[in-house]
Ligand code: PHE
């Protein structure tokens with residue numbers, strides 16, 4: 001049983017928004033948009049965030065809040081009380097397996113996420129050093145240097161996982177709530193400032209057209225599966241992290257408004273990031289693609305900000321990278337927390353021991369993606385470099401499948417009265433009417449879309 005409950009409503013909102021808003025919006029969103037021709041990805045993404053993402057976020061929070069446990073324990077208990085085929089479920093432990101997969105997903109994701117956090121640390125260190133005149137930074141050069149230095153990446157990944165594990169062993173709440181209170185507003189302000197700078201570039205109107213005017217014939221089934229995977233990633237669905245937050249919720253906290261604001265803010269911020277990155281990408285003659293895109297584009301934007309005789313672009317760079325790092329750290333803490341709380345709840349580990357164990361496992365796995373652009377650069381899995389393969393496998397396959405399992409478990413297995421109590425907010429009568437819509441979405445719409453995505457994925461593998 002979890003004892004903590006978020007001390008203030010403001011703190012809780014911040015933590016949940018911060019756990020969603022991070023590298024998914026700043027690092028991943030731009031490169032998947034680019035790989036899928038701009039608006040052909042962006043428009044379905046906005047719809048999916050609302051129609052699939054929002055109901056799934058609500059579902060995971062309800063699961064955690066109902067059983068006050070991490071995802072495996074919650075699904076185990078749900079099996080025991082299940083309304084649907086209880087005997088069969090008990091024998092096969094199907095839902096428990098879904099929970100286990102959520103845990104595996106969180107560890108795999110943390111492993112390559114930590115590599116990218118290591119890149120952020122490297123850029124942050126170099127920018128900070130250049131503010132003090134220790135080194136001269138040139139953005140694209142930094143990226144090239146880092147790509148060839150595999151062992152530096154391994155070292156930085158280790159540092160990041162160590163920081164994450166220490167934060168988790170000290171307890172989720174104290175660790176993040178305080179720093180996020182002042183950090184998120186500052187981060188959002190910096191992003192808005194940079195969006196304005198970027199929109200002053202000559203290619204801004206091309207970028208806006210690229211992001212918001214889709215050519216519907218460009219939307220392929222492959223795009224839709226990437227959209228679904230990215231919605232899960234950016235909203236932290238399918239790893240049990242949101243269930244852990246739900247389990248720490250106070251009795252009187254309402255699920256629906258908090259989920260709504262999380263999805264709306266996260267999506268709005270992704271669109272801002274698009275407006276920040278793409279005018280620049282359009283202005284440049286050459287630019288990086290894939291996971292390097294953000295690291296190539298952002299420094300060029302910082303360089304655009306010049307104050308009189310003083311390199312304030314570098315200072316902005318340091319502030320921005322620091323905010324990004326702390327937001328990514330908050331996400332990493334959420335990811336590690338998912339498997340740590342399972343060990344604590346169900347296997348009676350102490351928190352520090354569980355954090356050590358899971359941190360080690362994540363680091364062991366992370367060595368592969370950390371070396372993917374250097375020592376292991378010739379190794380390709382399904383024609384992809386190792387880091388890209390990790391990302392594609394976790395995001396496009398595992399997360400949607402776990403989300404599907406959780407949607408079915410809660411949608412069909414949990415008692416309607418129990419769900420209603422958690423869903424309906426007495427102060428907001430419209431939630432009474434919305435309950436039926438939510439239930440319909442998680443019982444029918446979400447499963448159909450995800451099954452479609454899975455079929456397209458399987459088809460893609462065989463076609464290759
Ligand atoms: N949603 C986070 C991001 O956008 C990633 C994440 C996934 C964090 C799952 C926690 C759990 O970066």
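The values are calculated or read from the model by the stated rules, or taken from the named source; none is laboratory data. Just so it is clear, the structure is predicted and the values come from calculations on it, not from any experiment. Quick reminder, even Gly has a Cβ in these numbers, built from the backbone with ideal geometry, and neighbours come from all protein chains shown.
Structure above, values below:
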{"item": "Residue satisfying all of: in region 127-141; assigned to a loop (DSSP other than H, G, I, E, B) and modelled with pLDDT under 75; nearest to residue 292 (Cα to Cα) among these", "result": "138"}
{"item": "Close pairs (6 angstrom Cβ cut-off, 6 or more residues apart or separate chains): within 15 Å of the ligand (Cβ to nearest atom) in region 25-53, not in a helix (DSSP H, G or I) anywhere", "result": "53/235"}
{"item": "Filter result (touching a helix residue (DSSP H, G or I) at 6+ places or on another chain (Cβ under 9 Å) and surrounded by fewer than 22 Cβ atoms within 10 Å (Cβ to Cβ)) within region 86-102", "result": "86, 88, 89, 90, 93, 94, 96, 97, 100, 101"}
{"item": "Members of region 220-274 that are free of Cβ contacts under 8 Å to residues at least 40 places away in the same chain, within 16 Å of the ligand (Cβ to nearest atom) and more than 21 Å from residue 399 (Cβ to Cβ)", "result": "268"}
{"item": "For residue 350: the one exception among (1) within 16 Å of the ligand (Cβ to nearest atom); (2) without any contact (Cβ under 8 Å) to a residue 60 or more places away in the chain", "result": "(1)"}
{"item": "Positions within region 1-38 being assigned to a loop (DSSP other than H, G, I, E, B) and modelled with pLDDT of 75 or more, in sequence order", "result": "21, 22, 36, 37, 38"}
{"item": "Enumeration of residues in region 68-85 that are modelled with pLDDT of 90 or more, surrounded by 24 or more Cβ atoms within 10 Å (Cβ to Cβ) and farther than 30 Å from residue 324 by Cβ", "result": "72, 74, 75"}
